[in-house]
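Where a number appears in this text, it was derived from the coordinates with a stated rule and is not lab data. As the structure is a prediction and not an experimental result, all values here were calculated from the model. With ideal geometry, Cβ positions are generated from the backbone for all residues, glycine too; neighbour counts draw on all protein chains shown.
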Amino acid sequence: VLGTVQAADAGSYDCVVTSVQGCGSVTSDAAALTVCRADFNCDTFVNSQDFFDFLAAFFNADPAADFNNDGVSDSQDLFDFLGVFFVGC
């Protein structure tokens, strides 16, 4: 189970299902997890709405605007977001 994922969590994951009766197990094919930090609103698109949603969070002191996870929302978070936003995914 992955909770709130970060860029470092990106990679391939598989799932092992094991019978509780001891009848064996099977492993799924790997699935790729891609983390796109520029998709701020998680709608699978990187577009101007992500920029506006970040600004709304930033100016409303929403904890989600702490983009660099340093415990405070400040201008560095804005710069860090803009850095990934203009690069895209």
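List of remarks:
- Each 5 Å bin from 0 upward holds the following percent of the Cα-Cα pairs of the range 46-89: 5, 26, 34, 24, 10, 1.
- For semi-axes √(5λ) of the Cα gyration tensor in Å, calculated from these coordinates, the label among (i) 23, 14, 12; (ii) 35, 14, 11; (iii) 29, 15, 10: (ii)
- Given charges at beta-carbon only (K, R positive; D, E negative), |dipole| of the chain in Debye: 260 debye
- Between 0 and 90°, nearest 10: helix 75-87 axis offset from the chain longest Cα axis: 60 degrees
- Reducing the range 65-80 and the range 10-45 to their Cα centroids gives an inter-centroid distance of 29 Å.
- Subtracting the Cα-Cα distance of Val72 and Cys23 from 0.36 nm times their residue separation leaves 12.6 nm of extension gain.
- Sparse packing (at most 16 other Cβ atoms within 10 Å of the Cβ) combined with a DSSP loop state is found for the following chymotrypsin sites (Phe, Trp or Tyr not before Pro) in the range 20-89: Phe45.
- Full extension of the chain segment joining Ala61 with Ser48 gains 2.7 nm, where the gain is 0.36 nm per residue of separation less the Cα-Cα distance.
- The chain: Cys lacking any partner C-beta under 4.7 angstrom: Cys15, Cys23, Cys42
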